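The values are calculated or read from the model by the stated rules, or taken from the named source; none is laboratory data. Treat the numbers as computed from the prediction; the structure is a model and nothing was measured. Heads up, the Cβs are rebuilt from the backbone with ideal geometry, glycines too, and the neighbour counts pull from every protein chain shown. Side chains are part of the model used for accessible areas, which takes the heavy atoms of the whole protein and leaves out ligands, DNA and RNA. Shrake-Rupley method; radii C 1.70, N 1.55, O 1.52, S 1.80 Å.
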Amino acid sequence: MAYRLLKLWATRHGIFSARFGYLGGIHLVLLLSHVFKSIPADQETDLTACEFVKLFFEHYAGFKYEGAIIGDPDSVSLSGYRRTLSREPLVITTIHSPMVNVADTASQHTLKTLRDQISLANQKLDKGCTWDEVTGGSDGEAEREFLNAFANFVKIEVRYWGRNTARGRSLVGWIESRCVYLLVGKLR
């Protein structure tokens with residue numbers, strides 16, 4: 001249930017896309033596992049899914065990602081992973097050997113966005129907002145927040161009229177992968 005709530009939150013805030021360095025399904029599962037295993041044993045059975053999600057936001061809102069490796073606390077070989085800070089701002093390791101960073105597509109910019117969104121969700125939950133308000137709900141609150149946060153926008157529309165659908169999907173995938181380079185190039 002906690003996974004589904006977090007996936008809904010991430011999807012509505014536009015940060016559920018592992019391809020672009022944001023969160024994906026495996027990221028959420030490993031992040032949730034890390035938080036769950038850090039809960040004292042006497043509190044585990046008393047938590048509801050909503051309380052667990054609140055704990056998730058509290059944990060990661062103040063988390064120091066620089067130098068930290070997020071992984072299974074029970075894993076003996078966690079210390080064996082070698083991190084390159086300049087190329088890996090976010091490290092979430094797999095639970096099996098060899099240890100692999102599943103968040104290898106994350107950049108400093110996507111990490112900043114993730115931090116901001118997690119902190120914002122944590123602040124809203126601290127204020128006593130409803131879950132619908134935290135996720136942006138169906139009234140378009142998340143879209144309004146996004147539009148108010150930025151001054152410039154780019155709309156890209158792609159149409160493919162070929163017979164080979166595989167080429168069409170390949171074209172769209174190529175264009176999607178280049179959008180991140182456009183944004184990063186503008187920020188430099």
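Computed quantities for the displayed model
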quantity	calculated
Scan of the stretch 12-29 for residues that are within 19 Å of G173 (Cα to Cα), open to solvent by 10 Å² or more (accessible area, probe 1.4 Å) and either touching a strand residue (DSSP E or B) at 6+ places or on another chain (Cβ under 9 Å) or of a type in the set (V, I, T) (or both), ordered by number	F16, S17, Y22
Any hit, the stretch 30-51, residues being surrounded by 12 or more Cβ atoms within 10 Å (Cβ to Cβ) and under 30 Å from R178 (Cβ atoms)	yes
Residue match in the stretch 46-62 (condition: acidic (D, E), in contact with a Phe, Trp or Tyr (Cβ under 8 Å, 6 or more places away or on another chain), farther than 19 Å from Q108 by Cβ and free of Cβ contacts under 8 Å to residues at least 40 places away in the same chain)	no
Close pairs (7 angstrom Cβ cut-off, 6 or more residues apart or separate chains): closer than 16 Å to M1 by Cβ in the stretch 20-44, aliphatic (A, V, I, L, M) and part of a helix (DSSP H, G or I) anywhere	L28/L6; L32/A2; V35/L55
Residue match in the stretch 95-103 (condition: open to solvent by 60 Å² or more (accessible area, probe 1.4 Å) and within 23 Å of N122 (Cα to Cα))	no
Test: R87 is open to solvent by 70 Å² or more (accessible area, probe 1.4 Å) and among the charged types (D, E, K, R)	yes
